[in-house]
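The structure appears right after this line, and notes come after that.
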Amino acid sequence: MNRRKSSLEFNGVDLCYIQGAGCTGCTVSFANCTDPNLVEVLQRYLEKLVPAWDIGLPHFYPTVMVTAGKQAMVSIDAWKRAKLRVLVIEGAVSGSEYCEVAGRPFEDIVAETAEYADFIIAYGTCAAYGGMVSATPNPTGSRGVMEFLKERHISKHVINLPGCPGHPEWLVLTLSAILKGKLPPLDRHGRPKDFFGKDLHENECPRRGYYEAEEFATDFGTKECLFKLGCRGPTTRADCPARLWNNTTFCVNAGGPCIGCTEPGFPDQMSPFYAEKELEPEVEPLLTRGFRYLSELPAKLLDKVRIWLSVFGIAVFIVRGVLKGLSRKIEK
Amino acid sequence: MGVLTIDPLTRIEGHLKVELQVDDSKEPFPTVSQARCSGTLFRGIEIILKGRDPRDAFYITQRICGVCPTAHANASIMALDEAFGVRPPDNAILIRNIIQGANSLMSHILHFYILQGPEWGVLANLPEMLPPVKASLGKHYVKAIEMRRKAHELLSIFGGKMPHHASYVPGGVTVLLTPSKVASAQTRMVELKNFLQDVMVHDSERIVRNLKNLGLYDLVKTMGKGTGNFLSYGGFPKPETYEDRTKWLLKPTPGFDEREIRENVKYSWYDEMWTNKHPSERETKGCPEKPDAYSWITAPRYRGEVYETGPLARMVNSGMYDLMEPKGSALERTLARAKETSIIAKAMIEWISDLKPGERVFKRWEKYPDVPDSAEGIGLWEAPRGALGHWLKVEAKKIQRYQVVTPTNWNASPRDDQGRSGPMEKALKETPVPKVDTYGFLAKLGHPLAEKAKSLGLSDLNYWDGYNATLPLMIIRSFDPCLACSVHLLTIGKGRPVRKLGRTFHPVGLHGSFEN
């Protein structure tokens, strides 16, 4: 994000979508987007590559691109010369021995493209935090993009859009924000607060009433709260109940306990998935806590001043009234 | 003798590299004399599964593949059912069918139009199947994107979300069945069925007709010949025939016996001590210095023979498809795929109307909610790409061993102990690899699209290193390879030391050179 650009200069973004140690699930999920659908996204959001064509195809996107082999890799070079370069990464970055693209370790491709990118989006939990691939014993030495860039001393911001898979609207809306030249505000795990600011209960999970009433399901295929069957809803930050998946529903609606797939600790912290497990409350590092305290201090002080001022005002009002009454009594 | 390397091979699932040895002396076009397929991503899901709660297998194995997670879900849940000793209620069997059916439809639509469609669109002169680069092109391509999304919507009504749905447990499913869910699934299914019958099956017929009219049919119909052996495990039971595979909608290979499967490793980097063993007996032990080996994919064989798997195999074994070529071809794999979608769609409507809202969808297993101390289970199922097997062993309430043999393991396998090539390598042999660009190639065939390809700036397409890779790409994509799960172990680069499970190897490289 070293260069901020105004959206008015461009028709759209230049997309390079690279795939590492993942399952293509995020791509399939991206193709599920509606309003706009995938074709509209490609037409509206992406820079038109060939002026004669009505559609802008991503510069590099192995699952849908027309070309293959050497020709496909040339597209990455074309992307490096484009105007508003957005890099979307799907899948974790595994050790150099375990993932190869065009005869080169995937690690090198990430490092190279990241240098050129104006915006980097890690789409899906694997790309954001390592996800399923990096689960114990992490046989391939996989990690998320943020961690990998830190290892290589590449100081670039990464927008994390976790989820297994990532929700298509999270990606489309983030692309829209980038088009407007704005970065969405991120939480301390690098996730946009608009999508990951609240947990499932705060986002009105339809079974929350049962939770409050402590009516818990003991069998599958029932309507009560799934907490005792392993639901991680109270500690998982995502807007699934409000946004819905595939326009229709989300895991808990189909009786499937939430497995916390948008959290950095997924899957090791959540496994075994079907066992009730109180997650320990997140402990914030001291330094960030200090920073947050300091940054929130003026507002807090102001609040206190306001409270005391109003208390003072009320007190003055009462005292004045009392004094007035007293003085009237004395006059009488 | 030239070498053509295709890496990355796009428009498939996963990371595949193919090396072709080309015989330049052949007329009118040089042809492939030898092919080598290697997967270039290893994730080690089976290693991750070890020591976990058996029920986690349903969630974790789904993450093997994002295009066909339901197939892994179904295979793992069948293995778990067997291990936990429980038979799911009728409703659950139907819901599992519907979930797999919807995903198969979505996968086939995706493959037919987006992954492989553009090539057939060019060759058979069907502008509807091309990407919508001009307003006049790509009507069906765009529609296909929408319809595959509808299939996922249908699925998520019962699955919660897709990809990676959330609604299976041993002994059934978790979704509370209501009439409104059934109704909204049925509406979407009718819409899907109309699209499949009116557009997709129709397009597959037009491919054949147009190829005949263009005089290309004779060239294409023998392209990508397989082995002629077709393997399927069977899929989509009815509740009343749940125990008998031979009565399921998609039938297994006649006389199928799971115990006859063997994994060969003579040309794979594994210890030869473990060659020719059943998946449930095998230990995965790397041996990267083996001189002849060139792949990390094992070579599974059934009754000692090379078998091809996929929609064509299923359709032939179920007696629903008559082969034009006895050994199949790239074209027939595509046609069989289209045919299968309409058969599954018809059955889907039946399954959805057979659902009984209000009746139970889950049955407790004997030790509920505890898991059994030790047990074994096998899950054999049909993924959109072919036959999929999971072998599970539970010891001390934890997964002790988990082995997965995927469809692409069969199709993209290297040579076996007898030196016979896998189906994909065999299909690539004798394929023309012209030394001209796509414009020149189409012009040489007298194809009317030649000029159009030139004007669209597509003449350079698939042309690099002096060879035109269009036909090999079509053949490889006709198998619908899914690489994510077929690779058990991997290393790249010659002589680069690799740390694997605490040991250091000095491998000879991912692919031995053609010279040796």
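Some notes on this structure:
- Residue in the stretch A:222-236 that is farthest from residue A:191 (Cα to Cα), counting only those that are within 11 Å of chain B (Cβ to nearest Cβ) and surrounded by fewer than 24 Cβ atoms within 10 Å (Cβ to Cβ): A:222
- Count of the stretch A:126-155 residues which are polar (S, T, N, Q), at negative phi and not in a helix (DSSP H, G or I): 4
- Qualifying residue in the stretch A:131-153 (condition: crowded, with 24+ Cβ neighbours inside 10 Å, away from every other protein chain (no Cβ under 14 Å), closer than 17 Å to residue A:174 by Cα and touching a strand residue (DSSP E or B) at 6+ places or on another chain (Cβ under 8 Å)): no
- Subset of the stretch A:281-311 [among the acidic types (Asp, Glu) and at pLDDT 75 or above]: A:296, A:303
- Total residues in the stretch A:97-108, condition in contact with a strand residue (DSSP E or B) (Cβ under 8 Å, 6 or more places away or on another chain), closer than 23 Å to residue A:155 by Cα and open to solvent by 10 Å² or more (accessible area, probe 1.4 Å): 2
- Residue A:271 meets each of the listed conditions (1) in contact (Cβ under 8 Å) with a residue 60 or more places away in the chain; (2) farther than 17 Å from residue A:164 by Cα apart from (2).
- Filtered by the rule that a residue be under 17 Å from residue B:110 (Cβ atoms) and facing chain B (nearest Cβ under 7 Å), the stretch A:58-75 gives A:62, A:63, A:64, A:65, A:66.
- Per-region count, the stretch B:64-91, residues part of a loop (DSSP other than H, G, I, E, B), open to solvent by less than 10 Å² (accessible area, probe 1.4 Å) and either modelled with pLDDT of 95 or more or among the charged types (D, E, K, R) (or both): 1
- Among the residues of the stretch B:101-141, those that are aliphatic (A, V, I, L, M) and assigned to a helix (DSSP H, G or I) comprise B:102, B:105, B:106, B:109, B:110, B:114, B:115, B:122, B:123, B:129.
- Restricting attention to the stretch B:332-365, the residues that are touching an Asp or Glu at 6+ places or on another chain (Cβ under 9 Å) and in a helix (DSSP H, G or I) total 6.
- Filter result for the condition that a residue is under 30 Å from residue A:138 (Cα atoms) and not polar (S, T, N, Q), over B:87, B:96, B:63: B:63
- Residue that is among the hydrophobic types (A, V, I, L, M, F, W, C), modelled with pLDDT under 95, surrounded by fewer than 20 Cβ atoms within 10 Å (Cβ to Cβ) and in a helix (DSSP H, G or I), where the choices are A:173, A:183: A:173
- Condition met for residue B:416 (surrounded by fewer than 24 Cβ atoms within 10 Å (Cβ to Cβ) and either without any contact (Cβ under 8 Å) to a residue 60 or more places away in the chain or acidic (Asp, Glu) (or both)): no
- Evaluation of residue B:454 against (1) open to solvent by 30 Å² or more (accessible area, probe 1.4 Å); (2) touching a residue at least 24 places away in the same chain (Cβ under 8 Å); (3) not polar (S, T, N, Q) (one fails), failing number: (2)
- Single residue of the stretch B:115-144 satisfying the filter (of a type in the set (S, T, N, Q) and open to solvent by 40 Å² or more (accessible area, probe 1.4 Å)) that is farthest from the other protein chains (Cβ to nearest Cβ): B:125
- Complete set of residues in the stretch B:92-114 that are open to solvent by less than 10 Å² (accessible area, probe 1.4 Å) and in contact with a Lys or Arg (Cβ under 7 Å, 6 or more places away or on another chain): B:106, B:108, B:109, B:111, B:112
- Residue B:325 being of a type outside the set (Val, Ile, Thr) and either loosely packed, with under 14 Cβ neighbours inside 10 Å or at pLDDT 95 or above (or both): no
- Among all positions in the stretch B:340-351, there is at least one residue which is touching a residue at least 60 places away in the same chain (Cβ under 8 Å) and closer than 24 Å to residue B:476 by Cβ.
- Residues that are of a type in the set (Phe, Trp, Tyr) and farther than 25 Å from residue A:250 by Cα, drawn from the stretch B:127-173: B:141
- Selection from the stretch A:78-96 of residues that are open to solvent by 30 Å² or more (accessible area, probe 1.4 Å) and assigned to a loop (DSSP other than H, G, I, E, B): A:81, A:83
- Long-range neighbours under 9 Å by Cβ, at least six apart or interchain, first residue among the basic types (Lys, Arg) within the stretch A:43-72, second at pLDDT 85 or above: A:70/A:102; A:70/B:5; A:70/B:6; A:70/B:7; A:70/B:464; A:70/B:465
- Tally of residues being among the β-branched types (Val, Ile, Thr) and either farther than 21 Å from residue A:22 by Cα or not in a loop (DSSP other than H, G, I, E, B) (or both) across the stretch A:156-170: 1
- Members of the stretch B:28-58 found to be assigned to a helix (DSSP H, G or I) and either out of contact with any strand residue (DSSP E or B) (no Cβ under 6 Å at 6 or more places or on another chain) or open to solvent by 10 Å² or more (accessible area, probe 1.4 Å) (or both), listed by number: B:45, B:46, B:47, B:48, B:56, B:57
- The single condition from (1) at pLDDT 90 or above; (2) open to solvent by less than 40 Å² (accessible area, probe 1.4 Å); (3) out of contact with any Asp or Glu (no Cβ under 6 Å at 6 or more places or on another chain) that residue B:385 fails is (3).
- Every residue from the stretch A:237-274 that is in a loop (DSSP other than H, G, I, E, B), among the hydrophobic types (A, V, I, L, M, F, W, C) and facing another protein chain (nearest Cβ under 7 Å): A:250, A:259, A:273
The values are calculated or read from the model by the stated rules, or taken from the named source; none is laboratory data. These figures come from a predicted structure and were not determined experimentally. Quick reminder, even Gly has a Cβ in these numbers, built from the backbone with ideal geometry, and neighbours come from all protein chains shown. Areas reflect the complete protein model, heavy atoms only, side chains present, ligands, DNA and RNA absent. Shrake-Rupley method; radii C 1.70, N 1.55, O 1.52, S 1.80 Å.
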